[in-house]
1. Kindly establish whether Ala2 is touching a helix residue (DSSP H, G or I) at 6+ places or on another chain (Cβ under 9 Å) and surrounded by 11 or more Cβ atoms within 10 Å (Cβ to Cβ).
2. Considering each residue of segment 57-75, count those that are in contact with a helix residue (DSSP H, G or I) (Cβ under 6 Å, 6 or more places away or on another chain) and either among the hydrophobic types (A, V, I, L, M, F, W, C) or farther than 24 Å from Val39 by Cβ (or both), and give that number.
3. Thr41: more than 19 Å from Gln68 (Cβ to Cβ) and within 23 Å of the chain's Cα centre (by Cα), yes or no?
4. Look at Ala37 and say whether it is under 12 Å from Leu76 (Cα atoms) and small (Gly, Ala, Ser).
5. So, in segment 22-53, how many residues would count as being in contact with a Lys or Arg (Cβ under 8 Å, 6 or more places away or on another chain) and either buried (at least 18 other Cβ atoms within 10 Å of the Cβ) or at pLDDT below 95 (or both)?
6. Show the residue pairs meeting these rules: Cβ distance below 9 Å; 6+ apart or different chains; first residue within segment 76-87 and surrounded by 10 or more Cβ atoms within 10 Å (Cβ to Cβ); second residue of a type in the set (A, V, I, L, M, F, W, C) and outside any helix (DSSP H, G or I).
7. Could you grab the pairs with beta carbons closer than 9 Å, sequence gap of 6+ or different chains, first residue in segment 1-18 and assigned to a helix (DSSP H, G or I), second one surrounded by 10 or more Cβ atoms within 10 Å (Cβ to Cβ)?
8. Can you go through Lys78, Lys12, Lys53, Lys5 and tell me which one is charged (D, E, K, R) and within 13 Å of the chain's Cα centre (by Cα)?
Amino acid sequence: MANIKSQIKRNKQNVVARERNKAVKSELRTRTKNAVAAVGTEDEESTLRIAVKRIDMAASKGIIHKNQAANKKSGLMKRLNALREEA
């Protein structure tokens, strides 16, 4: 345990940030899963738009790197296009 006042505060801030980041990353996985599940339905376009928006927001807030956001969007699009080809 830290003895320095500023480090104690920093540790508390890190806990809060870690919980927030964990929640956002979990939401990204959920939104991606929903977008994949919605292929072929009338909600397909809206769920895809929401998933991409959440990925972009996470990148802009620094939760994920901008290149990782680009990779996630690219992978999502490839998956969706492959599923559309099957159907």
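The values are calculated or read from the model by the stated rules, or taken from the named source; none is laboratory data. Keep in mind the model is a prediction, meaning the values are calculated, not measured. Here the Cβ positions follow ideal geometry from the backbone for every residue, glycine too, while neighbour counts run over all protein chains shown.
1. Numbers: touching a helix residue (DSSP H, G or I) at 6+ places or on another chain (Cβ under 9 Å): yes; surrounded by 11 or more Cβ atoms within 10 Å (Cβ to Cβ): no.
So Ala2 does not fit the description; no.
2. Step one: of segment 57-75, the residues in contact with a helix residue (DSSP H, G or I) (Cβ under 6 Å, 6 or more places away or on another chain) are 58-59, 63-64, 66, 69, 72-73.
Restricting the remaining residues to those that are either among the hydrophobic types (A, V, I, L, M, F, W, C) or farther than 24 Å from Val39 by Cβ (or both) gives 58-59, 63-64, 66, 69.
Going through segment 57-75 one residue at a time, the tally reaches 6.
3. On the way: more than 19 Å from Gln68 (Cβ to Cβ): yes; within 23 Å of the chain's Cα centre (by Cα): yes.
Answer is yes for this residue.
4. Values: under 12 Å from Leu76 (Cα atoms): yes; small (Gly, Ala, Ser): yes.
So Ala37 fits the description; yes.
5. Within segment 22-53, the first condition is being in contact with a Lys or Arg (Cβ under 8 Å, 6 or more places away or on another chain), and the residues that meet it are 24, 27-28, 31-32, 36, 39-40, 47, 50-52.
With either buried (at least 18 other Cβ atoms within 10 Å of the Cβ) or at pLDDT below 95 (or both) added as a condition, the list becomes 28, 31-32, 39-40, 47, 51-52.
Number of matching residues: 8.
6. Filtered contacts from segment 76-87: Arg79/Val39; Leu80/Val39; Leu83/Val39; Arg84/Val39.
7. Going by the 9 Å Cβ cut-off, the qualifying pairs are Ile8/Ala2; Arg10/Ala2; Asn11/Ala2.
8. Numbers: Lys78 fails: within 13 Å of the chain's Cα centre (by Cα); Lys12 fails: within 13 Å of the chain's Cα centre (by Cα); Lys5 fails: within 13 Å of the chain's Cα centre (by Cα).
Result: Lys53 is the single residue among Lys78, Lys12, Lys53, Lys5 that is charged (D, E, K, R) and within 13 Å of the chain's Cα centre (by Cα).
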